[in-house]
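First up is the structure itself, then whatever we jot down about it.
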Amino acid sequence: MKLFTHMEEYDYEQVVVCQDKESGLKAIIAIHDTTLGPALGGTRMWTYDTEEEAFKDALRLARGMTYKNAAAGLNLGGGKTVIIGDPKKDKNEAMFRAFGRFIQGLNGRYITAEDVGTTVEDMDLVYSETDYVTGVSPAFGSSGNPSPVTGYGVYVGMKAAAKEAFGSDSLEGKKVAVQGVGNVAFNMCRYLHEEGAELIVTDINKEAVNRAVEEFGAKPVDIEDIYSVDCDIYSPCALGATINDNTIPKLKAKVVAGAANNQLLENRHGEILQEKGIVYAPDYVINSGGVINVSDELLGYNRERAMRKVETIYDSIEKIFEISRRDNIPTYAAANRLAEERIETMRKSRRQFLQNGMNILSRGR
């Protein structure tokens, strides 16, 4: 992998390689962009086949966080960490404390949180060495489990998508097909049920399905049947890439809005949705409630304030639809443009501020 070539292509700022022989720590911190503020992004622990794979994943995820944080209206840039190792057997206290010291050495340029393969307990160990970590135990003033807030954000974003498709954001009586009813989706379903939506659910975990049936009167269907059911909204909340050549022809829904990451197998599938008149709420915007929630910890967590911020996902989704119409582009591209325009506006503002400062100094001479 030509690291500098890749960094130049997508304009990454910094990559930090962290190694601690005693604890076994092998970590890569990727900082993509700090125009809007310090980079915020979680720490993923995974058994990568090669070191090159780990670098690519860290870089890809960091860039994704730049767009996610910008589109969410946060004053934060994008970064991500990957730790190479098996999260089931390679973890130890010394590893995460060593990692915390590396983060502290960045002096606030990067703030971490939990992600795939890491837990609140791991973040507590990181917190013992640095203040630049969110998602720690509530005993330390954290927000706790982010799933309920993420689920609420998806529900709010779904209402904005419904307004675009149906002319009203009311979900009463709407049939919502939910693929995957884990913690985030279950909380989303609670809000949908309370508003009077009809739920159709599927999951590889039968217990999760049964819980949704018992709690919300949801109708269960087989995994492969979820795409073709008669519904108003398809809500992918499990694996990514479920919007593809095989599934799109089956969809009867007028809206795609869910919590899963990377819902489009390829960008062209977003274009196909638009051609078919299906409203797509871009995944990294509608599922940003979690990062919005943990970002509030940086101010001293206040749940009421955090929930108000999460409700702005509705506004962000509406802005994306406006850009989509304005520029005649699919909504996935409009979401990227929303993030890029915000970053560029701030970059120009800072450049102008610095230029004015230099002019004042020149006149002073």
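When you go through K80, K68 one by one, which is the residue that is at pLDDT 95 or above, of a type outside the set (A, V, I, L, M, F, W, C) and part of a helix (DSSP H, G or I)?
Numbers: K80 fails: part of a helix (DSSP H, G or I).
Step by step, each of K80, K68 is checked, and only K68 is at pLDDT 95 or above, of a type outside the set (A, V, I, L, M, F, W, C) and part of a helix (DSSP H, G or I).
Could you please tell me which pairs satisfy a Cβ distance under 8 Å, a separation of 6+ or placement on different chains, a first residue in segment 28-52 that is under 17 Å from V116 (Cα atoms), and a second residue that is part of a strand (DSSP E or B) and of a type in the set (K, R)?
I29/K80; A30/K80; G41/K80; G42/K80; T43/K80; R44/K80
Inside segment 98-133, can you point out the residues that are charged (D, E, K, R), part of a helix (DSSP H, G or I) and in contact (Cβ under 8 Å) with a residue 60 or more places away in the chain? Let's see the steps before the verdict.
As a first pass, look at segment 98-133 and keep what is charged (D, E, K, R): 101, 109, 114-115, 121-122, 124, 129, 131.
Right, trim to part of a helix (DSSP H, G or I) and you get 101, 121-122, 124.
Scanning segment 98-133 gives a single hit, D122.
Is it true that V285 is touching a residue at least 12 places away in the same chain (Cβ under 8 Å), outside the structural domain of A241 (by the TED database) and either crowded, with 20+ Cβ neighbours inside 10 Å or not in a helix (DSSP H, G or I) (or both)? Steps first, please.
Values: touching a residue at least 12 places away in the same chain (Cβ under 8 Å): yes; outside the structural domain of A241 (by the TED database): no; either crowded, with 20+ Cβ neighbours inside 10 Å or not in a helix (DSSP H, G or I) (or both): yes.
Here the answer is no, as V285 does not meet what is asked.
Those residues that are surrounded by fewer than 20 Cβ atoms within 10 Å (Cβ to Cβ) and either touching a Lys or Arg at 6+ places or on another chain (Cβ under 7 Å) or aliphatic (A, V, I, L, M) (or both), I need them from segment 167-197; list them, please. Show your work before the answer.
Looking only at segment 167-197, we keep the residues that are surrounded by fewer than 20 Cβ atoms within 10 Å (Cβ to Cβ), and these are 167-170, 172-173, 175, 182-183, 190-191, 193-196.
Selection gives D169 alone.
State yes or no: is E275 more than 24 Å from M65 (Cα to Cα), of a type outside the set (A, V, I, L, M), open to solvent by 30 Å² or more (accessible area, probe 1.4 Å) and at pLDDT 95 or above? Steps first, answer last, please.
Working: more than 24 Å from M65 (Cα to Cα): yes; of a type outside the set (A, V, I, L, M): yes; open to solvent by 30 Å² or more (accessible area, probe 1.4 Å): yes; at pLDDT 95 or above: yes.
Judged against the criteria, E275 is a match.
Please determine, by comparing only the residues of segment 36-68 that are surrounded by 18 or more Cβ atoms within 10 Å (Cβ to Cβ) and among the hydroxyl-bearing types (S, T, Y), which one is nearest to K2 (Cα to Cα).
Y48
What is the number of the single condition among (1) buried (at least 19 other Cβ atoms within 10 Å of the Cβ); (2) outside any helix (DSSP H, G or I) that N262 does not meet?
Here N262 clears every test but (1).
The values are calculated or read from the model by the stated rules, or taken from the named source; none is laboratory data. Note that the coordinates shown come from a computational prediction; the quantities given were computed from them, not determined experimentally. Note that we place each Cβ from the backbone using ideal geometry, even for glycine, and neighbour counts take in every protein chain shown. Surface areas here come from the heavy atoms of the whole protein model, side chains and all, with no ligands, DNA or RNA. Shrake-Rupley method; radii C 1.70, N 1.55, O 1.52, S 1.80 Å.
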